[in-house]
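Enquirer: Just dropping this structure here.
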Amino acid sequence: MKEVPVPLVKTNQAGIVLFVAAAILLKEPAIIAALWAVQVMTLWRGVRANLFVQLAAPLLRSRIAGAQTESRELQRFNNAIAVSLLTLSLVGFWIDRDGWTGYVLAGFVALAALIALAGFCVGCFLYYQWKRLKRR
């Protein structure tokens, strides 16, 4: 099974939190659209295509060697959830003139990323529950 170094995972999570926070503070849905594009590229091409990872790569080089890793399959699952919620967020901005629907849905993605940075992966929990139910 292929693995993703944890520093790369945490970099993406931090990028998600920062972009959603900036979008909410600046009241700028275009930042959510940019985040959506970053996450779609990651889902399509893998973690190395992630803009946050590319920008942080020079700073992370020494931390990646020998770092703990996480399952690539699990990361793709988490990324698919994020892309789905961000897509719904963009639809929410399109439908709701006030934009609160879009910000709430993007906020769910940021909250999950923030909780993951704190040590509990909501997407991982959902993944293992889904796998468990699938086996029945």
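The values are calculated or read from the model by the stated rules, or taken from the named source; none is laboratory data. Keep in mind that this is a model prediction, so the values were computed, not measured. For neighbour counting, all protein chains shown are included, and Cβ atoms are generated from backbone atoms with ideal geometry for every residue, glycine included. What goes into the accessible areas is simple: the full protein's heavy atoms, side chains included, and nothing from ligands, DNA or RNA. Shrake-Rupley method; radii C 1.70, N 1.55, O 1.52, S 1.80 Å.
Enquirer: Taking PHE108 as the residue in question, decide whether it is over 19 Å from VAL20 (Cβ atoms), buried (at least 16 other Cβ atoms within 10 Å of the Cβ) and in contact (Cβ under 8 Å) with a residue 12 or more places away in the chain. Before the answer, list the steps.
Expert: Values: over 19 Å from VAL20 (Cβ atoms): no; buried (at least 16 other Cβ atoms within 10 Å of the Cβ): yes; in contact (Cβ under 8 Å) with a residue 12 or more places away in the chain: yes.
So PHE108 does not fit the description; no.
Enquirer: GLN68 versus (1) surrounded by 14 or more Cβ atoms within 10 Å (Cβ to Cβ); (2) touching a residue at least 40 places away in the same chain (Cβ under 8 Å): which is the lone unmet condition?
Expert: For GLN68, the exception is condition (1).
Enquirer: Being over 14 Å from the mean Cα position of the chain (by Cα) and either surrounded by 15 or more Cβ atoms within 10 Å (Cβ to Cβ) or not polar (S, T, N, Q) (or both) is the requirement here; does ALA14 meet it? Show your work before the answer.
Expert: Details: over 14 Å from the mean Cα position of the chain (by Cα): no; either surrounded by 15 or more Cβ atoms within 10 Å (Cβ to Cβ) or not polar (S, T, N, Q) (or both): yes.
In short, no.
Enquirer: Quick check on this structure: which one of LEU55, LEU88 is without any contact (Cβ under 8 Å) to a residue 12 or more places away in the chain and either open to solvent by 80 Å² or more (accessible area, probe 1.4 Å) or assigned to a loop (DSSP other than H, G, I, E, B) (or both)? Outline the logic, then answer.
Expert: Working: LEU88 fails: without any contact (Cβ under 8 Å) to a residue 12 or more places away in the chain.
Going through LEU55, LEU88 in turn, just one is without any contact (Cβ under 8 Å) to a residue 12 or more places away in the chain and either open to solvent by 80 Å² or more (accessible area, probe 1.4 Å) or assigned to a loop (DSSP other than H, G, I, E, B) (or both): LEU55.
Enquirer: When the range 17-34 is examined, which residues are found to be more than 16 Å from THR101 (Cβ to Cβ), within 13 Å of the chain's Cα centre (by Cα) and in contact (Cβ under 8 Å) with a residue 12 or more places away in the chain?
Expert: VAL17, PHE19, ALA34
Enquirer: I've got another one for you. Pull up the range 35-45, narrow it to residues that are without any contact (Cβ under 8 Å) to a residue 24 or more places away in the chain and either open to solvent by 40 Å² or more (accessible area, probe 1.4 Å) or part of a loop (DSSP other than H, G, I, E, B) (or both), then point me to the one that is nearest to PHE19 (Cα to Cα).
Expert: Of the residues in the range 35-45, the ones without any contact (Cβ under 8 Å) to a residue 24 or more places away in the chain are 37-38, 41, 44-45.
Next cut, either open to solvent by 40 Å² or more (accessible area, probe 1.4 Å) or part of a loop (DSSP other than H, G, I, E, B) (or both) only: 37, 41, 44-45.
Numbers: ALA37: 12, MET41: 16, TRP44: 20, ARG45: 21 Å.
Step by step, filter the range 35-45, then rank; the result is ALA37.
Enquirer: Can you pull out the residues in the range 54-92 that are of a type in the set (Val, Ile, Thr) and at pLDDT below 95?
Expert: In the first step, residues of the range 54-92 are kept if they are of a type in the set (Val, Ile, Thr); the result is 64, 69, 81, 83, 87, 91.
Selection gives ILE64, THR69.
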